[in-house]
Amino acid sequence: MDANPFGILTFIVAPAILTNASSVNALATSNRLGRATDRARAISTLLETHKDDSDPWRVTYLEILSLAERRINFLVRAMTCFYAAIVSFASASLVSLFGAVFFVEQWQACGTVALGISLVAGVIGVGGLAYGSALLVRETRVTLQSVSKETQFLLQHHQTKSVN
C-alpha cells in the first residue's frame, strides 16, 4: 500500500460498487413485489366473483393465488438479502476507510482488525447478493408456473366452449 496510494481506494470502491448493485436489485425486487401483490389482489377479487365451490374457475384461481403467495414470499426474502448486502457492503466500505487510516498512522493491530471485519462484512454482502439473486430465479420460475397454469386452463376452457 505504501508504493501505491490508490491501493487503499480499491478496498473502499469495490464494496461501494457492490452496494450500488445490491441497491439496484432491491429496487427491482421492490417493483416485482408490488406487481406480485397487485396480481394476488386481482386474483382475490376474481375469487369473490366465483363463489361457487364447484366452479372450475375457482379451483384454478385458488391454485394461482397459492403460487402468487409463494412469489411474494420469495420476493420478500430476496429483498431482505439485498438489504443485508447493502448494509454489509456499506459497513465494509466504512471499516476499510478506518482501516486505511489505521495503517497510515502505523496502528497495525487496529488496521488488521479493521481488515478482518471488512472482509467478513464483504463476504456476508456477497452471500446476500448471491442468495437474493437465486431467490429471484426461483420466483421467476413460480411466475412461469402460474402463467402456464392460467394459460392451460384458459385454453381448455376455450376449447370446451368451442366444442359446445
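Read-outs throughout are calculated quantities, based only on the coordinates presented, and are distinct from any laboratory measurement. Since the structure is predicted, the reported quantities are computational estimates derived from the model, not experimental observations. With ideal geometry, Cβ positions are generated from the backbone for all residues, glycine too; neighbour counts draw on all protein chains shown.
Some observations on this one:
- Computed from backbone phi, the HN-Hα couplings of the range 16-24 come to 5, 5, 5, 4, 4, 4, 5, 5, 5 Hz, rounded to whole numbers (Karplus: 6.51 cos²θ - 1.76 cosθ + 1.60, θ = phi - 60°; Gly and Pro given as x).
- Contact order relative to length of the range 6-164, as percent, for alpha carbon pairs under 8 angstrom and 6 or more apart: 30 percent
- Note on the chain: Kirkwood radius taken over Cα pairs, Stokes-Einstein applied at 25 °C and 0.890 mPa s, translational D equal to 130 µm² s⁻¹.
- Based on the convex hull around the alpha carbon atoms, the range 108-155 presents an average projected area of 2.7 nm².
- Ranked packing of 24-36, 63-75, most packed first, by mean Cβ within 10 Å: 63-75, 24-36
- Student exercise, the chain dipole from Lys, Arg, Asp, Glu Cβ charges, in Debye to nearest 20: 420 debye
- Cα pair distances in the range 61-116, grouped into 5 Å bins until the bin that holds the longest one, percent each: 5, 18, 14, 11, 9, 8, 8, 7, 6, 5, 4, 3, 1, 0
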